[in-house]
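The numbers here are math on the coordinates, done by the rules we state, and not lab data. Keep in mind that this is a model prediction, so the values were computed, not measured. Positions of Cβ are backbone-derived with ideal geometry, glycine not excepted, and every protein chain shown enters the neighbour counts.
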Amino acid sequence: MTEPTRTVSPRTSTIERETLETKISLQLDIDGSGKADISTGVGFLDHMLTLFAVHGFFDLTVQAKGDTYVDDHHTVEDIGICLGQAFAQALGDKAGIHRYAHAYVPMDETLVRVSLDYSNRPFLHYDVTIRDQKVGIFDTALVVEFLRAVAQHAGLTLHVDLLHGENAHHIIEAVFKALGRAMGEGASLRQGLVGTLSSKGSL
């Protein structure tokens, strides 16, 4: 006798956010193939979100307009909010997922580690020193703002550590790739797991 096949509802979400500073539309398919259609008005962030989607095997669409004539802060942070909300919505009660994950990503001289738990207890540890204030016109200080927003709204316990590295572009790229890998692994379904991976029975 064959075991019954567990059916999984599509783990997708759509987030719309509009404020006086930004207008964002985001669609996420956790069980995608790494397709990205990103247009945020912040070129470097477009590149990073594409890497995030590709290496996490997510299908991700982001269309955003923001007050980038002021600076990129509001757009970057609000996209982080929307991305976190999209994961929270798509995963629901997080039944069946691995929950914990980590990823080490090297890029030339750089090595980054991301460890996380879909815990519903938002926390960000960020130990990444970037010497350069800018990559092109992108403010490198916005990386932590983006990650804090994702962690807060996805309910992630998130630890991001730069083990070594010098080039600012390499460091940030490794962070986004490792984030994608870890979030994809943590959100993946564990065979045989029924319900939520918690001794309490819920997260």
Compute the whole-percent fraction of alpha carbon pairs in the stretch 57-114 spaced more than 15 Å apart.
69
Prolate/oblate/rounded call for the stretch 1-82, Cα gyration tensor, a/c under 1.5 rounded:
prolate
Compute log10 of I(q)/I(0) for the chain with the Debye formula, placing one identical point scatterer on every Cα and leaving out solvent, at q = 0.09, 0.14 Å⁻¹, to two decimals.
-0.33, -0.78
How fast does the stretch 130-199 diffuse by Stokes-Einstein, in µm²/s, taking the Kirkwood radius from C-alpha pairs at 4 °C and 1.567 mPa s?
92
What is the local net charge at Asp161, summed over the other residues whose Cβ is closer than 9 Å to its Cβ (Lys, Arg +1; Asp, Glu -1)?
0
For Ala182, the net charge from surrounding residues (Cβ-Cβ under 11 Å; K, R +1; D, E -1) works out to +1
Taking the convex hull of the alpha-carbon atoms of the stretch 24-72 and averaging its shadow over every direction gives an area in square nanometres of 3.0
Among 12-22, 72-82, how do they line up from the highest to the lowest mean number of other beta-carbon atoms within 10 Å?
72-82, 12-22
At Asp127 and Val194, where each label point lies 7 Å from the Cα along Cα→Cβ, what is the point-to-point distance in nanometres?
4.1
Please report, in cubic angstrom per residue, the volume enclosed by the convex hull of the alpha-carbon atoms of the stretch 88-172.
96
Net charge (Lys, Arg +1; Asp, Glu -1) of residues whose beta-carbon lies under 9 Å from that of Gln63, Gln63 excluded, is +1
Given charges of +1 on the Cβ of Lys and Arg and -1 on the Cβ of Asp and Glu, with all other atoms neutral, how large is the dipole of the chain about its Cα centre, in debye to the nearest 20?
820
By a straight-distance test (C-alpha under 17 Å), which aspartates and glutamates pair with Lys23 as possible cross-link partners, with residues fewer than eight away in the same chain excluded?
Asp37, Asp46, Asp67, Asp71, Asp72, Glu77, Asp78
